[in-house]
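Report on one structure; see the data block that follows.
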Amino acid sequence: LGIHVGSAVTRELVEKAAMVAGTSVPLLITGETGTGKELVAKLVHRLSDRRGGPFVPVNCATMRQLAESLLFGHRKGAFTGADRDHLGFFEQANGGTLFLDELGELPADALASLLRALQEGEIQPLGAKNRLSAGYRYQTRASEAVQLGGCRDPGDGRGQRLNLGGSHTCSATV
């Protein structure tokens with residue numbers, strides 16, 4: 001799997017990853033900088049029934065302009081310069097896993113659209129007449145949880161968490 005399982009802590013983490021990989025609920029991965037959150041997200045993806053689909057990591061901090069187009073895609077003619085259809089990250093992750101890093105860095109309007117898409121399980125590319133069902137699994141990093149509206153109890157059925165050793169953990173806020 002690409003992870004050396006030499007310590008009891010690492011072994012426990014891999015066991016937890018395997019457990020949540022068997023579910024389709026959103027996943028929040030917590031941990032200090034440099035603890036391997038994206039590596040764990042990839043592990044969960046590879047252990048899940050979505051392993052045959054794409055793993056799409058997205059650094060939201062780089063999406064200052066056209067964030068909604070990058071996330072949800074657009075249709076030809078949706079705005080000036082949209083000379084062809086473009087698949088957004090959600091469509092690219094169809095059948096696989098969408099890993100959103102630095103989620104709190106998204107512009108407020110894009111964040112509102114993202115939250116709606118996560119809640120409804122549907123996206124609407126810019127310029128499209130109809131909404132599309134989004135078949136992906138959503139994973140994100142810990143620091144965004146507070147910015148998305150606070151923590152929920154992991155037993156509420158709305159998400160799972162994996163803690164990589166940080167002092168603050170909370171469940172997915174979808």
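The values are calculated or read from the model by the stated rules, or taken from the named source; none is laboratory data. Every value quoted in this text rests on a predicted model; they were computed, and no experiment measured them. Glycine gets a Cβ as well: all are built from the backbone with ideal geometry, and neighbour counts include every protein chain shown. Calculation scope for accessible area: heavy atoms of the full protein, side chains included, ligands and nucleic acids excluded. Shrake-Rupley method; radii C 1.70, N 1.55, O 1.52, S 1.80 Å.
Which far-off residues, 5 or more places away or on another chain, put their amide H under 5 Å from the one on residue 63, with H placed in the peptide plane? The answer is none. Per-residue accessible area (protein heavy atoms, 1.4 Å probe) orders 63, 19 as 19, 63, starting from the largest. Rounded to the nearest Hz, the phi-derived 3J(HN,Hα) couplings of segment 18-35 under the Karplus curve 6.51 cos²θ - 1.76 cosθ + 1.60 (θ = phi - 60°) are 5, 5, 6, 5, x, 10, 10, 6, x, 10, 10, 9, 10, x, 5, 4, x, 8, where x marks glycine and proline. Annotation: residue 43 carries an accessible surface of approximately 10 Å², with a 1.4 Å probe and no ligand, DNA or RNA atoms counted.
In what order, largest first, do 44, 9 sit by accessible area if the probe radius is 1.4 Å?
Correct descending sequence by accessible area is 9, 44.
Taking all protein chains together and rolling a 1.4 Å probe, residue 79 ends up with roughly 60 Å² accessible. Legend: calculated FRET efficiency, residue 7 to residue 83, from the Cβ-Cβ distance at R0 = 45 Å, rounded to 0.05, equals 0.30. Within the shell defined by Cβ-Cβ distances under 9 Å, the residues around residue 62 carry a net charge of -1, with Lys and Arg each +1 and Asp and Glu each -1. Solvent-accessible surface of segment 3-60, taken per residue with a 1.4 Å probe and all protein chains present: 53 Å².
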